[in-house]
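The block underneath contains the structure these notes are about, expressed in C-alpha cells.
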Amino acid sequence: MLELGKVANELSLHVGFLGLGIMGSPMAQNLIKAGCDVTVWNRTKSKCDPLLSLGAKYKASPEEVASSCDITFAMLADPESAVDVACGKHGAANGMSPEKGYVDISTVDGPTSKSISRRIKATGALFLEAPVSGSKKPAEDGQLIFLTAGDRPLYEKAAPFLDIMGKSRFYHGEVGNGAAMKLVVNMIMGSMMASFSEGLLLSEKVGLDPSVLVEVISQGAISAPMFSMKGPSMVQALYPTAFPLKHQQKDLRLALGLAESVSQPTPIAAAANELYKVAKSHGLGDEDFSAVMEAVRTKMEGTSED
Ligand SMILES: NC(=O)C1=CN([C@@H]2O[C@H](COP(=O)(O)OP(=O)(O)OC[C@H]3O[C@@H](n4cnc5c(N)ncnc54)[C@H](OP(=O)(O)O)[C@@H]3O)[C@@H](O)[C@H]2O)C=CC1
Ligand SMILES: O=CCCC(=O)O
C-alpha cells in the first residue's frame, strides 16, 4: 500500500520531455496516456503538435521546460545535441534547481554524460543517465530496457515513469556506466547486423534463397529477434527506419573510443564501423541501420570485379 501511495505521489509530479524524434515521441506519448502531466519541447516545433493534441503542454525552450517541471527527460540525437540542449544558451541547466532532476536518455559517451551531469548538479539538481535498449516498436509498446546510472534518489523518483516507458531497468552506479553498457550493447548489435548482411548477400550469390536463410537462422542457436524482424525486409532491399543508420554509426564510433580508452582491441566492431561509414557516405544515414547491407553489397560487387 505504502509503495502504491509513493508511486501515485510521484506520478503526480510535473514531467518535461525534450526531443521528440523516433524514440522521444512515443515515449512522451506513453507518459501522457498514463495520465502524467507532461510538458514538451522539440527543436522542430511541429513535432510537438501530436503530443499537444493528446494533452501535453508546450514551452518554448529546454530552460522553460526544466524550470516548470520536477523531472525533465531528454532524448536527443547525439553528444553534441545532448550537450547543447542541457548546457547551451536557454538549455535545461538554466532552469534547474535543488529538488529537480534531469534524466538523459540519449545515447552518448561517458565523458559527455559526465560533463552534462556536472553542469546539472552545479545547480543543486540531481542527474541520471538512462539510455535505452529497444527501438521504435518497444518505445511505442512501453517495452524499453533502461540502462541507468547516477543519482540513486533520482533513479527511485523517476522509476514510476521509467516503468511506464519500459519493461525493465538496470542501475549501474556511477555516471558513465549506463552509457558504457549501452555502447557495448550497440557495438555488438552493429557487428551482428553487418555480419547478417554479409550472410544474406552470400547466400543469394551462391544461389540460395535468402528468405530461407532467415527461416533457418530463426530456428537455431544464433536466432535473434533482430534477424527475424529485419530479415524479411532486408531480403527485399527495404529498410524502413526504426533505428537510423547514422545513429548506429555514431554508437560504433563512440564504442571504439570507449574500447581505446582501456586498450581493448575491437577489430570486428572497427570493420563494421567502416561499413556504416560507407553506407552513410552513400546517403543512407536516415535509413534503418539494416541498410548497411547496401554497403556490403557495394563492397562485394567491387571485390568481384577485381
Ligand atoms: N531509434 C532507435 O531505435 C533508438 C535510438 N536510440 C538513441 O536515442 C536517441 C534519439 O534517437 P531517435 O529518436 O531515433 O533519433 P531521431 O533522429 O529521430 O531524433 C533526434 C532528436 O534529437 C533532436 N536534435 C537533433 N539535433 C539537435 C540539436 N542540435 N539541437 C536540439 N535538438 C536536436 C531532434 O530534433 P528535430 O526534430 O528538430 O530534428 C530529435 O528530436 C539517439 O541518441 C539514438 O542513438 C536509442 C535506442 C533506440
Ligand atoms: O540504440 C538503438 C537500439 C535499437 C535496439 O535495441 O533494437
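The values are calculated or read from the model by the stated rules, or taken from the named source; none is laboratory data. Note that the structure is a prediction, hence the values are computed from the model and not measured. Backbone-built Cβ (ideal geometry, glycine too); neighbour counts: all protein chains shown. The protein model used for the area step is the full one, side chains on, heavy atoms only, and it has no ligands, DNA or RNA in it. Shrake-Rupley method; radii C 1.70, N 1.55, O 1.52, S 1.80 Å.
For this structure, a couple of remarks:
- Matching residues in segment 217-226 - criterion: being assigned to a helix (DSSP H, G or I) and either open to solvent by less than 20 Å² (accessible area, probe 1.4 Å) or over 18 Å from S133 (Cβ atoms) (or both): I217, S218, Q219
- Hey, A66 open to solvent by less than 70 Å² (accessible area, probe 1.4 Å), closer than 16 Å to G101 by Cβ, of a type in the set (A, V, I, L, M, F, W, C) and modelled with pLDDT of 95 or more or not: yes
- Consider segment 30-42 and keep the residues that are touching a helix residue (DSSP H, G or I) at 6+ places or on another chain (Cβ under 8 Å) and free of Cβ contacts under 8 Å to residues at least 40 places away in the same chain. The one that is surrounded by the fewest Cβ atoms within 10 Å (Cβ to Cβ) is G35.
- Qualifying residue in segment 128-138 (condition: within 11 Å of ligand 2 (Cβ to nearest atom), basic (K, R) and open to solvent by less than 40 Å² (accessible area, probe 1.4 Å)): no
- For segment 111-142, a residue qualifies if it is touching a strand residue (DSSP E or B) at 6+ places or on another chain (Cβ under 8 Å), part of a loop (DSSP other than H, G, I, E, B) and under 13 Å from T72 (Cβ atoms), and the qualifying residues are A125, A130.
- Pairs where the first residue, in segment 74-95, is farther than 14 Å from R43 by Cβ and touching a residue at least 60 places away in the same chain (Cβ under 8 Å) and the second is surrounded by fewer than 19 Cβ atoms within 10 Å (Cβ to Cβ) and not aromatic (F, W, Y), C-beta under 9 Å, 6+ apart: P79/P111
- Among residues of segment 70-106, those that are touching a Leu at 6+ places or on another chain (Cβ under 8 Å) and surrounded by 19 or more Cβ atoms within 10 Å (Cβ to Cβ), counted: 16
- Once segment 250-272 is narrowed to residues that are closer than 16 Å to S195 by Cβ and not aliphatic (A, V, I, L, M), the residue that is farthest from ligand 1 (Cβ to nearest atom) is P267.
- Residue pairs whose Cβ atoms lie under 6 Å apart, sitting 6 or more positions apart in sequence or on different chains, and linking a residue in segment 120-145 that is of a type in the set (S, T, Y) to a partner that is within 16 Å of ligand 2 (Cβ to nearest atom), are S133/I145; S133/V185; S135/A242; S135/F243.
- Criterion violated by L208 - all others in (1) outside any helix (DSSP H, G or I); (2) under 24 Å from the mean Cα position of the chain (by Cα) satisfied: (2)
- In segment 10-27, the residues that are within 10 Å of W41 (Cβ to Cβ) form Cβ pairs under 6 Å with partners that are open to solvent by less than 10 Å² (accessible area, probe 1.4 Å) and part of a loop (DSSP other than H, G, I, E, B), at six or more places apart or across chains, as follows: G16/C69.
- Residue within segment 130-137 that is farther than 17 Å from M181 by Cβ and either over 12 Å from the mean Cα position of the chain (by Cα) or away from ligand 1 (no atom under 16 Å from the Cβ) (or both) present: yes
- Meets criteria (within 16 Å of ligand 2 (Cβ to nearest atom), more than 18 Å from A272 (Cβ to Cβ) and either open to solvent by less than 20 Å² (accessible area, probe 1.4 Å) or without any contact (Cβ under 8 Å) to a residue 24 or more places away in the chain (or both)) for P240: no
- Test: residue in segment 163-179 that is assigned to a loop (DSSP other than H, G, I, E, B), more than 12 Å from ligand 1 (Cβ to nearest atom), modelled with pLDDT of 95 or more and aliphatic (A, V, I, L, M): yes
- Some residue of segment 233-252 being under 18 Å from the mean Cα position of the chain (by Cα) and basic (K, R): yes
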